[in-house]
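Visitor: Dumping the structure here so I can ask a few things about it.
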């Protein structure tokens, strides 16, 4: 991480991007260093999971208060907060609910967690109609279930069948005419809806994500080694934005940092199921930043990385 920060600072001197560079460092990297000082034991992690579980319930209650259980024609905002940001939070809550559902032996807690999970997906898919959080959340929960299931062939096969059924139901729901008629925003998930969505493909009034990604690729080809400087492009993709801004030279230490995080967490999964949760949360947050958010909006990813690595490095009894 120190190598990344030093490179960013040196790069900002060359390209005179001081303001945006310090903004990126403050909003993304500084949270990582603060969270690295947190010392967590197993009981602390279990308490935090319970607290996040309760917070997730409160968030659901607050949002249902605003929305209610009826069809909507426009994506809801709470106090001006963008649906993408709200859905990203609900995705995190869904993963917490799923972890408790998969690991608890208490029937009533399982039932509650299942109902909370369904409620979360209802809001994310039917009301917020956020593709990134919905698809990424489904992928992350599938991964979590597979990692926490038994390793026998029979149980693996059972896991694959359950996952296939869930994915099949999801695809059926977002493409069924009756559901789309009741919940018009579901059309955003259909192939035709995505091809017509200005936020994705652009229009005369809007610049779509594909336009921004193509622009980033062109910038990378024009200046592949050092890029154009932080703040030069908003790609909706952390890898493309990083490369277009800092070049392949700046991308290399960043990828090493990302790889080290995931490899450390993954190696500990078989010894401690909490690391399956951590790994899933990191995957979810990282993949979501491949389709949304700017460089200054990655504090959640780096803060979580710092917390999980601190727990990883804390000696266990």
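No lab work stands behind these numbers, since they all come straight from the coordinates. This one's a predicted model, so the numbers in the text were calculated from it and none came from an experiment. Don't worry about glycine lacking a Cβ; one is built from the backbone with ideal geometry, like all the others, and counts go over all protein chains shown.
Visitor: Note down, for the chain, the three equivalent ellipsoid semi-axes (square root of 5 times each alpha carbon gyration tensor eigenvalue), biggest first, whole angstrom.
Guide: Value: 32, 28, 18 Å, ordered largest first.
Visitor: Same structure again: For each of 4, 118, 239, 261, count neighbouring Cβ atoms within 10 Å of the residue's Cβ, then give the residues from fewest to most.
Guide: Fewest-to-most Cβ neighbours within 10 Å comes out as 118, 239, 4, 261.
Visitor: Right, next: I need the shape label for the stretch 181-222. Rule: rounded when a/c is under 1.5, else prolate if a/b > b/c, else oblate, with a, b, c from the alpha carbon gyration tensor.
Guide: Verdict is prolate for the stretch 181-222.
Visitor: May I have the convex hull volume per residue, in Å³, for the Cα set of the stretch 128-197?
Guide: Convex hull volume per residue, Cα atoms: 89 Å³.
Visitor: In addition: I'd like the FRET efficiency for residue 171 and residue 118, computed as 1/(1 + (r/R0)^6) with the beta carbon distance as r and R0 of 25 Å, rounded to 0.05.
Guide: 0.90
Visitor: Another question, then. Given the C-alpha centroids of the stretch 262-310 and the stretch 143-160, what is the distance between them in whole angstrom?
Guide: Cα centroid to Cα centroid, the span is 22 Å.
Visitor: Among 216, 310, which comes first, second and so on when ranked by fewest other beta-carbon atoms within 10 Å?
Guide: Ordered by Cβ neighbours within 10 Å, fewest first: 310, 216.
Visitor: Right, another one. When only Cα pairs under 8 Å and 6 or more residues apart are kept, what is the percent relative contact order across the stretch 30-171?
Guide: It rounds to 21 percent for the stretch 30-171.
Visitor: What do the square roots of 5 times the Cα gyration tensor eigenvalues come to for the stretch 48-196, in whole Å, largest first, as semi-axes of the equivalent ellipsoid?
Guide: Computed over the stretch 48-196, the values are 26, 20, 12 Å.
Visitor: Let me ask something additional. Run lengths n ≥ 4 of DSSP H only: what is the helix-derived mean residue ellipticity at 222 nm for the chain, with -39500 (n - 2.57) per run over all residues, to the nearest 500?
Guide: Calculated mean residue ellipticity at 222 nm is -22500 deg cm²/dmol.
Visitor: So how far, in whole Å, is the C-alpha centre of the stretch 168-223 from the one of the stretch 14-52?
Guide: Distance between centres, Cα-based: 31 Å.
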